[in-house]
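Peer 1: Quick one: structure below, then a few questions.
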Amino acid sequence: MASDAAVPVPAPAGQPVPKRRGSYNCGRCGLPKKGHVCPVPGPAASGNGGGKAGEPPQQNKPRRALQFDDPAVAEEEAVAPPPQHPPPVPGRKRARVEVVDVLRRMAPRGVAAAAGVSRGWRECARRVWRGAEEVRLRAAGVRPVGALTARCPALARLVLRMDSDVDATMLGCIAFSCPNLQTLDISMANNAVNRITGDELSRFVSEKRVLSVLKLDSCSSLGFLNISSSSLSTLWLSGLCSLTKAVMNCPNLNELSLDFPKQNNDSTDLVALMDSLGRTCPNLRNMHISSIRLCNEAVFALESANLRGLCMLSLVLGSKITDAAVASIVRSYASLELLDLSGSSITDNGLGMICDAFPDTLTRLLMALCPNITSSGIQVAAAQLPLLRLMDCGKSICANPQPEAGRSYFGDLNGGIKFCSKLPIQKKQQPAYQKLIIKHSSLKKLSLWGCSAIEALYVNCPELVDLNLNSCTNLHPERLLIQCPKLKDVHVNGCRDMLIGAIRNQVLNEFAAAEPRLPCKRLADGSKRVHVPHFMIEQLEEQEKWGRPRKTQCTVHLT
């Protein structure tokens, strides 16, 4: 049976579909709009009121239906000026700024590769080059250096690691491309040779009026040294050999480092060099000279130079330097902070003079490769220098090598030679082993590498962080005591396994002793249970909350 309900019949295709738009309200009074004539006057009708002539008519916007805001508040919000915010950066420009920040942290090769990605990245790379003030590059010729420096007009610091030979062409390229260069550092790698001569270096320094730092490696081709500059403050030259003349007219020079190779054919006159420094470099504060031709006469000439402001003095590999040179140094300078006499022939008396002269200023003392000092002198130096931070006594306390037993030989019938062991006639000379006690409140680094004559060692330094015991072959594990709660690195390369184990046990026990101990209680069954009190849990949570660093465990280096 059919249903009586009306079934909707679809409209024919030719008839238009009627609009099904719902009713809406009047914007002035809020009543339904259909068939409605609004009685509220518009803005034009209300303009003839009590307003003054020339003023724009005031608009009283009627309250809308379903509007819960206060009209006064809404009017105040409409009149209030909008907050001043910086204009937003467009998306493309912001992306370029981020790309530039990323490219600034990349190596020069990475920036050059990124320039080939797109036109936008090429523009970002150009911005990086134009704003670069320091460039570190490893190159194999003049061409990459010239191509890079031409893109950096604001370059002030240039550090080069060269894999090929360097000559005057490199200096000319740098002088032409970097007019505002302040720092130049050229080092050699892979057996590269520095062919720069003394004339070329003198011309380069005289042309660069703003150059303040110059560091060159492998300067064996200079021949002579004649540098004149009023802006140069730091000069490092390594690999020097047989300088016929050495004149440095640099009144503002503060730091000088001259490194000569360990060759007996070096003919540099160090006495004349030291004598001229007082007249040409009166403001010198840090000086380092490494040469096997250093002697007492050179130190005496340095005393006549009258460099009263010297704070760092390093005279390395001068085996002819004795306590007389130490007495000259004590008379000449009153505020040395670093003294390096490694490789000299000073004795414990020289160490005593150093301790008496600089107890309030000396913070770093290096006496490596000094065979005439003993453990007694080192202990006196550690006790009388309260501000000492670094002490290097590497390979100074060495055991005398035992002479090899002679061997007898006799000829046989066939003309050959046969060897047989020979019984020793005299007793072998035993090396004199020594004991060393270092107790210091501010020492941070102690180096005893190669001290094979030390058999007992006691170190009590609360601030010590680095201890070097490499090649201490005769140090007994039972006679070693390290009490350094802040120790981070211990170097034990070349030591015996038992000594390495004893060092590890002491260091780990010291670390465990520094950890907070939790109270424990033995239960009825004989087992132990650790109970953490609430106050300790709160302390640990407070430390983790504020991000306090925990104590780092010490590392034992075997290589």
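The values are calculated or read from the model by the stated rules, or taken from the named source; none is laboratory data. Remember, predicted model here, so these are calculated numbers, not experimental data. Ideal geometry is used to build each Cβ from the backbone, glycine not excepted, and the neighbour counts take in all protein chains shown. Keep in mind that these areas ignore ligands, DNA and RNA; they rest on the heavy atoms of the full protein, side chains included. Shrake-Rupley method; radii C 1.70, N 1.55, O 1.52, S 1.80 Å.
Peer 1: Roughly how many Å is it from the Cα centre of the stretch 190-249 to that of the stretch 297-358, as a whole number?
Peer 2: 27
Peer 1: Quick one: go through the stretch 104-143 and flag any residue whose amide nitrogen is under 12 Å from the point 7 Å out along the Cα-to-Cβ line of ALA150.
Peer 2: Label zone hits: 143.
Peer 1: Tell me the net charge near ALA298. Cut-off is 14 Å between Cβ atoms, ALA298 excluded, with +1 for each Lys or Arg and -1 for each Asp or Glu. Let's see the in-between values first.
Peer 2: On the way: positive: ARG293, LYS320; negative: ASP266, ASP269, ASP275, GLU297, GLU303.
Neighbourhood net charge equals -3.
Peer 1: Hey, if we sort LYS488, LYS208 by accessible area with the 1.4 Å probe, largest down, what's the order? Write down the numbers at each step before the final one.
Peer 2: Values: LYS488 105, LYS208 10 Å².
My answer, sorted largest first, is LYS488, LYS208.
Peer 1: What nm distance separates the two modelled labels at VAL117 and ASP497, each placed 7 Å from Cα along Cα→Cβ?
Peer 2: Between VAL117 and ASP497, the simple spin-label model gives 5.4 nm.
Peer 1: Express in nm, to one decimal, how much length is gained between LEU387 and LYS33 on full extension, taking 0.36 nm for each residue of separation and deducting their alpha carbon distance. Don't skip to the end; give the middle numbers.
Peer 2: Working: separation 354, 0.36 × 354 = 127.44 nm, distance 9.35 nm.
Taking 0.36 nm per residue and subtracting the Cα distance, the gain is 118.1 nm.
Peer 1: Which value, in Å² and to the nearest 10, is the accessible area of ASP466 when all protein chains are kept and the probe is 1.4 Å?
Peer 2: 40
Peer 1: Can you give the accessible area of MET312 in Å² (nearest 10), computed on protein heavy atoms with a 1.4 Å probe?
Peer 2: Result for MET312: roughly 40 Å² accessible.
Peer 1: Taking all protein chains together and a probe of 1.4 Å, list SER164, SER206 from the most accessible to the least accessible. Don't skip to the answer; put the middle values down first.
Peer 2: Numbers: SER164 30, SER206 55 Å².
The ranking, largest first, comes out as SER206, SER164.
Peer 1: May I pose another question? Name the shape class, rounded, prolate or oblate, that the alpha-carbon gyration tensor gives for the stretch 262-353, where a ≥ b ≥ c are the square roots of its eigenvalues, rounded holds for a/c under 1.5, and otherwise prolate holds if a/b is larger than b/c and oblate otherwise. Working shown, then result.
Peer 2: Details: a/c = 1.68, a/b = 1.05, b/c = 1.61.
Note, shape of the stretch 262-353 comes out oblate.
Peer 1: For TYR333, TYR458, what's the largest-to-smallest order of accessible area, 1.4 Å probe?
Peer 2: Values: TYR333 10, TYR458 60 Å².
Ranking TYR333, TYR458 by accessible area, largest first, yields TYR458, TYR333.
Peer 1: Measuring from label point to label point, each 7 Å out along Cα→Cβ, what is the ARG138 to ASN249 span in nm?
Peer 2: 4.1
Peer 1: Taking the Cα-to-Cβ direction at VAL40 and at ASN180 and moving 7 Å from each Cα, how far apart do the two end points lie in nm?
Peer 2: My value for the distance between the label points is 6.6 nm.
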